[in-house]
């Protein structure tokens, strides 16, 4: 097992998933402030779930003897239009799942970290499928009816 590869992968996901989680929390607050209470609840729950993975990754990184770092990330755009956010978040999921799969190949000899990442991958795939379903609904019924059904 190459602990260095696992530590690097874990640090990458601690940094980036933490930023993504915070974006989801901010988006939830924005949506709630404009009356989209269902989306507020959905993305607050999602942010908390992501923080659970961040905490697991931190613990594993430290168990492996790694040095935890607080790294900077680029600013992320925030949206008032839930449809535009959904499209952007979907793209992040597609790109993130691809990165995660590549990362898992490099840590396959570290079964504990690999198993943690596998659970995270499954969760991300579920999120991706939800976004695909919502975008499909928007395409069929339109944005306004979707907002009335899914957001308020």
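Laboratory data are not the source of any read-out in this text; all were calculated from the coordinates shown. Remember, it's a predicted structure, so these values are computed and weren't measured experimentally.
Work out how much length residue 4 to residue 144 would gain on full extension: take 0.36 nm times their residue separation and subtract the Cα-Cα distance, in nm to one decimal.
45.5 nm
Give me the three principal axis extents of the range 28-92 from the C-alpha atoms, as integers in angstrom, largest value leading.
Sorted largest first, the three principal extents are 45, 23, 19 Å.
Shape call for the range 65-113 from the C-alpha gyration tensor, a ≥ b ≥ c root eigenvalues: rounded (a/c under 1.5), prolate (a/b greater than b/c) or oblate?
Judged from the Cα gyration tensor, the range 65-113 comes out oblate (a/c at least 1.5, b/c at or above a/b).
Hey, what D do you get for the range 83-152 in µm²/s if you plug the Kirkwood alpha-carbon radius into Stokes-Einstein at 20 °C and 1.002 mPa s?
Calculated translational D: 159 µm²/s.
Residue separation times 0.36 nm, minus the C-alpha to C-alpha distance between residue 59 and residue 81: what's the value?
Extra length from residue 59 to residue 81 when fully extended: 4.3 nm.
Between residue 152 and residue 45, what length comes free when the chain is fully extended (0.36 nm per residue of separation minus the Cα-Cα distance, one decimal in nm)?
Value of the extension gain: 36.9 nm.
Once you treat every alpha carbon in the range 86-127 as an equal point and sum by Debye, what is log10 I(q)/I(0) at q = 0.15, 0.18 Å⁻¹?
Summing over Cα pairs of the range 86-127 leads to -0.36, -0.49.
In degrees from 0 to 90, rounded to the nearest 10, what is the angle of the helix 37-63 Cα long axis to the longest principal axis of the chain?
Helix 37-63 sits roughly 0 degrees off the main axis of the chain.
In the Gaussian network model of the chain, springs joining C-alpha atoms below 10 Å, which of 92, 14, 73 carries the largest mean-square fluctuation?
Result for the chain, Cα springs under 10 Å: 73 fluctuates most.
If you fit an axis through the alpha-carbon atoms of helix 3-33 and take the longest principal axis of the Cα set of the chain, what angle between them do you get, 0 to 90°, nearest 10?
Around 20 degrees separate the two axes.
Can you give me the angle between helix 82-106 and the longest principal axis of the chain, using Cα atoms only, in degrees from 0 to 90, rounded to the nearest 10?
The angle comes out near 20 degrees.
Could you run the Debye sum over the Cα atoms of the range 1-119, one equal point scatterer each and no solvent, and tell me log10 of I(q)/I(0) at q = 0.12 Å⁻¹, two decimals?
-0.48
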